[in-house]
Amino acid sequence: MKIPVVGFDPSLTHWGVAESELDLTTGYLDTPVLEVLEPRKITHKAVRQNSIDLDVAKQLAIAVLDKAKRAKVIFVECPVGSQSARAMASYGICVGILGTLLAEDIQLIEVTATEVKNALSGVSTASKAQMIAAAVSLYPTANFPNFRGKLTLAAEHVADAIGAIHAGVNTPLFRNLMKLYA
């Protein structure tokens with residue numbers, strides 16, 4: 001039996017998404033469909049930053065909610081604190097969008113960045129390049145972001161979204177959920 005799943009790597013500017021079917025018998029994903037959500041920002045000089053943030057949050061929330069509603073299980077590399085006030089604003093918006101999913105009774109399986117790195121690459125301190133390489137080696141036919149045949153830096157975000165799925169299937173919460181499908 002296969003179920004639709006989605007992996008998220010939340011970010012205000014480059015939200016990574018990996019959608020796929022998970023085979024519950026083998027534990028393998030079909031080739032994931034990858035996307036990086038990059039909201040367009042209002043660029044008028046007279047627009048306040050909070051208005052820009054609110055518009056970006058709305059764009060992300062609409063896209064994320066749509067993708068989450070198509071999946072049976074959502075895996076998320078949950079963001080953690082930040083080093084600056086601006087990064088903290090981004091963190092707050094991302095956590096708010098995830099909270100909206102929970103408010104809609106959409107179950108999330110949360111994983112850490114370390115769990116994602118371990119699950120995808122086998123290295124808890126994997127670099128962005130190592131994460132991309134691991135994802136590409138597992139899913140060479142997936143639609144990784146590229147420009148003129150070369151992977152772009154945006155591939156990092158979808159690699160983390162894939163890693164969130166791989167890490168999430170190892171959690172006790174997921175194993176308990178799967179008892180419902182057995």
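Can you say whether PHE144 is in contact with a helix residue (DSSP H, G or I) (Cβ under 7 Å, 6 or more places away or on another chain), in a loop (DSSP other than H, G, I, E, B) and either in contact (Cβ under 8 Å) with a residue 12 or more places away in the chain or among the aromatic types (Phe, Trp, Tyr) (or both), as far as the supplied structure shows? Yes. Kindly check whether there is at least one residue in region 44-58 that is under 13 Å from the mean Cα position of the chain (by Cα), closer than 19 Å to LEU101 by Cα and aliphatic (A, V, I, L, M). Checking region 44-58: not a single residue is under 13 Å from the mean Cα position of the chain (by Cα), closer than 19 Å to LEU101 by Cα and aliphatic (A, V, I, L, M). Being outside any helix (DSSP H, G or I) and aliphatic (A, V, I, L, M) narrows it down to one residue among ALA161, ALA133, ALA126, ALA89; which is it? Just a single option satisfies the conditions, and that option is ALA126. In region 84-114, how many residues are touching a Ser or Thr at 6+ places or on another chain (Cβ under 8 Å) and under 12 Å from GLY163 (Cα atoms)? Final tally of qualifying residues: 2. No other residue among ASP30, ASP53 is in contact with a Ser or Thr (Cβ under 6 Å, 6 or more places away or on another chain) and in contact (Cβ under 8 Å) with a residue 24 or more places away in the chain apart from ASP30.
To keep it simple, each residue is scored yes or no on (1) within 24 Å of LYS128 (Cα to Cα); (2) surrounded by 18 or more Cβ atoms within 10 Å (Cβ to Cβ).
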| residue | (1), (2) |
| --- | --- |
| PRO4 | no, no |
| LYS69 | no, no |
| PHE75 | yes, yes |
| SER82 | yes, no |
| THR100 | no, no |
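Residues in region 108-135 that are farther than 21 Å from CYS94 by Cα and of a type in the set (Ser, Thr, Tyr) were compared, and the one that is surrounded by the fewest Cβ atoms within 10 Å (Cβ to Cβ) is THR125.
Quick check on THR26: is it at pLDDT 90 or above and under 22 Å from GLY163 (Cβ atoms)? Criteria not met by THR26.
The values are calculated or read from the model by the stated rules, or taken from the named source; none is laboratory data. Computed from a predicted model, the values in this text were never measured in an experiment. Neighbour counts run over all protein chains shown; Cβ positions are idealised from the backbone, glycine included.
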